[in-house]
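The values are calculated or read from the model by the stated rules, or taken from the named source; none is laboratory data. Predicted model, so just to flag it, every value in this text is computed and none were measured. Backbone-built Cβ (ideal geometry, glycine too); neighbour counts: all protein chains shown.
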C-alpha cells in the first residue's frame, strides 16, 4: 500500500498581483486507507465525502460556485477515463477493479 501521502499533494500559487490561489491537482495516486478512510477529510468526512461536502468546502473557501461546479465536472470527466487509462498503462486487473469500486462508491 502507498502510505507516503502522495494522494495529499496540493499547493498554492501566487499571481502577479500577489493573490494566492490553490494550484491544480498534481501527482495524485490511489491510496485506499485503513477501514475505508480517505487520506484527506472533506468538511469532516473521511469515509465517504460527497459532492455536497465538496460544494460546502468551496463555499467556505470562497471559491465561486460556478468554479466549484466546473472543477467537479472536469474531475468526473477525468475519472470516467480511469479504467481505460489504467488498462493502457498495464495496471493489474484486480487493482483496476479495486480502484473503480472506490471511485464509484
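In region 56-77, which residues are out of contact with any helix residue (DSSP H, G or I) (no Cβ under 9 Å at 6 or more places or on another chain) and over 18 Å from residue 41 (Cα atoms)?
62, 66, 70, 73, 74, 76, 77
Are there any pairs with C-beta distances below 6 angstrom linking a residue in region 43-70 that is over 22 Å from residue 104 (Cβ atoms) to a residue that is at pLDDT 95 or above, with the two at least 6 apart or on different chains, and if so which?
Short answer, once both residue conditions are applied: 58/68.
Are there helices (runs of 4 or more DSSP H) fully within region 1-103 with at least 1 residues that are at pLDDT below 90, at negative phi and within 17 Å of the chain's Cα centre (by Cα)? List them.
Working: elements: 51-60, 65-79, 82-88, 93-103.
In region 1-103, 65-79, 82-88, 93-103 are the helices (runs of 4 or more DSSP H) which contain 1 or more residues that are at pLDDT below 90, at negative phi and within 17 Å of the chain's Cα centre (by Cα).
What's the number of the condition residue 14 fails, among (1) touching a strand residue (DSSP E or B) at 6+ places or on another chain (Cβ under 6 Å); (2) exposed (fewer than 10 other Cβ atoms within 10 Å of the Cβ); (3) within 18 Å of residue 104 (Cβ to Cβ)?
In the conditions (1) touching a strand residue (DSSP E or B) at 6+ places or on another chain (Cβ under 6 Å); (2) exposed (fewer than 10 other Cβ atoms within 10 Å of the Cβ); (3) within 18 Å of residue 104 (Cβ to Cβ), residue 14 misses (3) alone.
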